[in-house]
Structure formats: structure tokens, C-alpha cells
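The values are calculated or read from the model by the stated rules, or taken from the named source; none is laboratory data. Since the structure is predicted, the reported quantities are computational estimates derived from the model, not experimental observations. Reconstructed Cβ throughout: ideal geometry from the backbone, glycine too, with neighbour counts over all protein chains shown. These accessible areas exclude ligands, DNA and RNA; they are computed on the full protein's heavy atoms, side chains included. Shrake-Rupley method; radii C 1.70, N 1.55, O 1.52, S 1.80 Å.
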Amino acid sequence: MGVPETMRAVRIAEHGGPEVLRPAEVAVPVPRTGEVLVRVAAVALNNTDLWTREGAYGRPGAPEALSGWRGPIGFPRIQGADVAGRVVAVGADVDADLVGLRVVVDPAVYDTEGPDANPVGLMGSERDGGYAEYVTAPAERVHDVTASPLTDDQLATLPTAYGTALGMIERGRLRKGETVLVSGASGGVGVALVQLARARGARVLAISSGSKIDAVREAGAHDVVDRAGDVAGQVRVAAPDGIDVGLDVVAGDLVGEGLPLLREGGRWVVAGALGGYDVTFDVRRLYLHNAQVIGSAMHTPTHFGLLMDLAREGSVRPLVAATFPLDRAAEAQEELARRRHVGKIVMHP
């Protein structure tokens, strides 16, 4: 089957609410030198989609400025960072044997070519993404998962949520036998953190809301504390000797409350600000206890490679909360924003 000239897509032409998500018939992108063309089988939603659409990331020195993930967006922009699909065409200087492979796309735009490069851009923000029937990607950023036992929907949930989670775990140097605290544990990154930390052999304490506690425990948490109560008090009861690592996608007041819970040499890793970006804490809790606060933005190529190994083995089992067709992208984002679900929301072109 050949590649058509046009495709269905959903784009944003400005920052705003769900109403700025507009269906469009656009040209199928042509893979450039070093790129491949992927037919999208499934695209997962992330908080990054909401915040990019809203322009909520701010800029250095201007936290209220409208911005994409790492700066101004070139409109119109096709959103969607998380893509699973098949390679249907290749650009110049790309091995034609890639055609037909089932793949997951690493959505990061990196600052260098090395294995430990840092992400400085994101598909769906700094380049067009997967809210479409087709998307292009650099050939070195597509990973063959043809033999994976995971479904396309499950594979699509991995790049941002599980990539971010694995990046946090690696940067936080989480080791077997340590005690870890996971905030926002019912969300996409939170569930990934619970599963990956448990697989690493850590004792997992999770923070979630009352209605989702059972699902978070089923995902692998050893203990779950209710965020509606005294979180620090509950953690002290569950882990009287303290925690080794905090894996935090909430921030806000939790940072100041959580740092005193760290053991000597503990690490608090932050990769989100659902609870607010303006944080206050007692700095003495850092230097007197040799603790660290670590920022973590997504993953490195090395981290993503490790994640794809897990996907090929079926060692992670992502939770798909709901699916939507592409033409209901605005509704899907509204459902994501309500945060009533556990796991990930996926769309089908």
C-alpha cells in the first residue's frame, strides 16, 4: 500500500483551551535525509500536551510567558509526543530495511549526538508530532519493537511517561533495597515510577487520592498514603527510618514537606510541577544531611534504550485507561485534565 499525499491531523494555531485543537487535512510529511516516515498506530496523551497547548511552561526570567516545552512554538503545530507505529518510507541515507518495522519513536530532540545527551526539545512542541496519520522522525530515534508482546496502545504510552520515570530513577541513583516515595502515583508518570521502582527492587511508597489507592497498590506500590491527609505524617508511619529517594512530579508544598523525610544522603528528584512551580524549603535540610534536589527532564538516549529493552521483553505492563479517535482530541485532552483516571489515555488516527 502506497503513502497518500494528504492525511488527517489535529493542530493548534495558537495557545489556549481545548478549542484551539482543530482537525485539518494536511500534506503527508516527506522524510528528509536521515529520517523515516512512520504510520501512526497509536499516540498517547501527556500533561506536556496540555501545558504546550496552554503555553504554560514559561521561559527563563519570565515564568508567566506563553511558551512551548522549551521555547516559542512555530504555529501551526501538530501535537503528540508518544507514537507507536510502522515505518512506511525512508529518506536519503537511511537503510531501506527499516520499512515495515514496528517501532516506538523517541520524541526527544537532543543537544548533542552522544548517549548521555540532554533533551532540549520535544516532538509535538518543537517539531510536529503524532496527532496525525503519519509523522517523520530521525532514523536513529525509532526503535524496533516488532517482537514486543505489548500492544500498540501500550507501546505508545512508553516514551514520555516511562522515559521520564526511568530518567528520574537513573538520575536519582535508585538502588535495590532502598525506600522510594512516589508523588502523583495514579498519573502516567506516577504509575510508571511505581512499576519501574518496584522492578528495580525498591520498597515503594506512593501518594495518591482515596479513590485511586487500590489501583496504585495493584500497580506495584507496597504502601499508599492519601494525599488528602497529613502526607508527611503518613510517610513517617510507613517509613519510620525515612526514605532514600523522592520521585516527585507534583512539587509545590510537597518539596518543603518531603525534604525532612530523606535519610542521610537522600535524593529528591523533581520532574513536574502539578502542585505549583514556586517552591519554598528549608535549605538546612540539604547541606546538614548531604541531601540533593535533582531536576530531571525526560530521559537520555541511554535511558530510552534501556526502556526499549524492557518493552521488547514485556517487562513493563502499561495501564491504558481510555482510548479515543483522533477527531475527538479535544475531548481526550479534557478527560486527561480531569485526572479521574489511572494510567494513560491513547488516541487512534
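Overview of values
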{"item": "Segment 23-120: radius of gyration and largest Cα-Cα distance (Dmax), Å", "result": "15.7, 47"}
{"item": "Kirkwood hydrodynamic radius of segment 93-201, from inverse mean 1/r over distinct Cα pairs, in Å", "result": "15.7 Å"}
{"item": "Top positive-direction residue, dipole computed over the chain with Cβ charges, set Val88, Pro138, Ala273", "result": "Ala273"}
{"item": "Accessible-area value, His222, 1.4 Å probe, nucleic acids and ligands omitted, Å²", "result": "70 Å²"}
{"item": "Cα-projected label distance for Asn290 with Arg339, points at 7 Å along beta-carbon direction, nm", "result": "3.5 nm"}
{"item": "Length-normalised contact order for the chain - Cα pairs under 8 Å, 6+ apart - percent", "result": "18 percent"}
{"item": "Estimated inter-spin distance, Asp226 and Val3, nm [label 7 Å along Cα→Cβ]", "result": "5.4 nm"}
{"item": "Accessible area of segment 45-167 belonging to carbon and sulfur atoms, whole % at 1.4 Å probe", "result": "51 percent"}
{"item": "Probe 1.4 Å, all protein chains present, accessible-area order of Asp93, Asp248, Asp111, Asp282, largest first", "result": "Asp93, Asp111, Asp282, Asp248"}
{"item": "Equivalent-ellipsoid semi-axes of segment 133-264, from the Cα gyration tensor, Å, largest first", "result": "30, 15, 14"}
{"item": "Contour excess over end-to-end distance, with Cα ends at Asp241 and Asp97 and 0.36 nm allotted per residue", "result": "46.4 nm"}
{"item": "Among Pro23, Thr52, Phe75 - extreme Cα towards positive end, dipole of segment 1-143, charges at beta-carbon", "result": "Pro23"}
{"item": "Loop-located GluC sites (Glu not before Pro) in segment 26-76 whose Cβ has at most 11 other Cβ within 10 Å (DSSP)", "result": "Glu64"}
{"item": "Most to least accessible of Thr52, Thr280, Thr6 (protein chains only, probe 1.4 Å)", "result": "Thr280, Thr6, Thr52"}
{"item": "Dipole magnitude (debye, nearest 20) for segment 47-174, charges at Cβ of Lys, Arg, Asp, Glu", "result": "380 debye"}
{"item": "Rounded to the nearest 10 Å², the accessible area of Phe75 at probe 1.4 Å", "result": "80 Å²"}
{"item": "Simple label model, 7 Å out from Cα along Cβ direction - Arg70 to Ser315, nm", "result": "2.7 nm"}
{"item": "Euclidean distance between Cα centres, segment 172-216 to segment 21-73, Å", "result": "28 Å"}
{"item": "Accessible area in the full protein assembly, largest first, 1.4 Å probe, for Glu126, Glu313", "result": "Glu313, Glu126"}
{"item": "Helix-only [θ]222 nm of the chain, DSSP H runs n ≥ 4, -39500 (n - 2.57) each, per residue, nearest 500", "result": "-6500 deg cm²/dmol"}
